[in-house]
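The values are calculated or read from the model by the stated rules, or taken from the named source; none is laboratory data. What you see is a predicted model; the values in this text were computed from it and never measured. Backbone-built Cβ (ideal geometry, glycine too); neighbour counts: all protein chains shown. Side chains included, ligands, DNA and RNA excluded: accessible areas come from the protein's heavy atoms. Shrake-Rupley method; radii C 1.70, N 1.55, O 1.52, S 1.80 Å.
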Amino acid sequence: MDSEKKSMLKDALILFAITLVAGLLLGFVYDVTKEPIAQQKAKAKAEACRNVFADADSFEAVAADGPTAYFAAGQDSNVDIDEVMQALDSSGQLLGYVITVTDHEGYGGDIQFSMGVTLDGTLNGISILSIKETAGLGMKAGDVLVPQFADKKVESFTYTKSGSTGDSEIDAISGATITTNAVVNGVNGGLLFFRSALVGTEGGAGNE
């Protein structure tokens, strides 16, 4: 019996030592990789901002508890406003905003993108950050949908399957209307947010 207890104690000590070493190694790896990961995320964010606001010299985050009370009641619950960045010129003057949007209606899950909007409401364009749609269908969003939003000044967009006839119409991806609908709704949510929460706030278009 004593031998069995000693064996169990030995096994427990070995397991404890393995767990301790594994924990220490994980902590070490986290410390080593934390900064490079943060730098990579910051780089990706800066690139996304420049993709949709090439005229800006720098970008500054707008606090979520500031003038951008992120989506008020009654607005689209399928759309989240994740982040807002001010787009500034070389002298620090506000040119517009980069809005990061997540729409939850994608066929394969959430679709996240950045969109650049100038102070007069012109949509410079959108840049997809995360998408998990069907290969060969919804995954064509970057090639088919994204270019259609560039340099458009409209209040909202709709999509069509029969060919767009105006700036406010987006040609749907063939066989992927769910993806098309998600992207269009997300862009419309971002534009609504721009008009309702950013235009007319301190430092916004209303003071230009």
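Which residues, counting only those in the range 165-188, are in a loop (DSSP other than H, G, I, E, B), open to solvent by less than 50 Å² (accessible area, probe 1.4 Å) and touching a strand residue (DSSP E or B) at 6+ places or on another chain (Cβ under 6 Å)?
Our first condition is that a residue be in a loop (DSSP other than H, G, I, E, B); within the range 165-188, this holds for 165-168, 172-176.
From the residues that got through so far, the ones that are open to solvent by less than 50 Å² (accessible area, probe 1.4 Å) too are 166, 168, 172-173, 176.
Residue satisfying the conditions is A172 alone.
In the range 139-155, which residues are surrounded by 15 or more Cβ atoms within 10 Å (Cβ to Cβ), within 14 Å of G190 (Cα to Cα) and not aromatic (F, W, Y)?
Listed by number, the residues that qualify are K152, V154.
What are the pairs with Cβ atoms under 6 angstrom where one residue, in the range 144-156, is of a type in the set (S, T, N, Q) and the other, located anywhere, is open to solvent by less than 40 Å² (accessible area, probe 1.4 Å)? Sequence gap at least six, or different chains.
Note: pairs meeting the criteria are Q148/I170; S156/N188.
Out of the range 135-153, which residues are touching a helix residue (DSSP H, G or I) at 6+ places or on another chain (Cβ under 8 Å) and in a loop (DSSP other than H, G, I, E, B)?
Residues satisfying the conditions are L137, L145.
If a residue counts only when it is at pLDDT 95 or above and touching an Asp or Glu at 6+ places or on another chain (Cβ under 8 Å), which strands (runs of 3 or more DSSP E) contained entirely in the range 1-114 have at least 2 such residues? Let's see the steps before the verdict.
Values: elements: 58-61, 79-88, 94-106.
Qualifying strands (runs of 3 or more DSSP E): 79-88, 94-106.
Only one of G136, G121, G203 is surrounded by fewer than 19 Cβ atoms within 10 Å (Cβ to Cβ), out of contact with any strand residue (DSSP E or B) (no Cβ under 6 Å at 6 or more places or on another chain) and modelled with pLDDT under 95; which?
Details: G121 fails: modelled with pLDDT under 95; G203 fails: out of contact with any strand residue (DSSP E or B) (no Cβ under 6 Å at 6 or more places or on another chain).
On inspection, the qualifying residue turns out to be G136.
Can you confirm whether T158 is polar (S, T, N, Q), surrounded by fewer than 18 Cβ atoms within 10 Å (Cβ to Cβ) and within 20 Å of the chain's Cα centre (by Cα)?
Working: polar (S, T, N, Q): yes; surrounded by fewer than 18 Cβ atoms within 10 Å (Cβ to Cβ): yes; within 20 Å of the chain's Cα centre (by Cα): no.
Judged against the criteria, T158 is not a match.
In the range 112-127, how many residues are within 21 Å of N78 (Cβ to Cβ) and touching a residue at least 40 places away in the same chain (Cβ under 8 Å)?
First, pick out the residues of the range 112-127 that are within 21 Å of N78 (Cβ to Cβ): 112-115, 117, 123, 126-127.
Within this subset, residues satisfying the condition of being touching a residue at least 40 places away in the same chain (Cβ under 8 Å) are 113-115, 117, 123, 126-127.
Of the residues in the range 112-127, 7 are within 21 Å of N78 (Cβ to Cβ) and touching a residue at least 40 places away in the same chain (Cβ under 8 Å).
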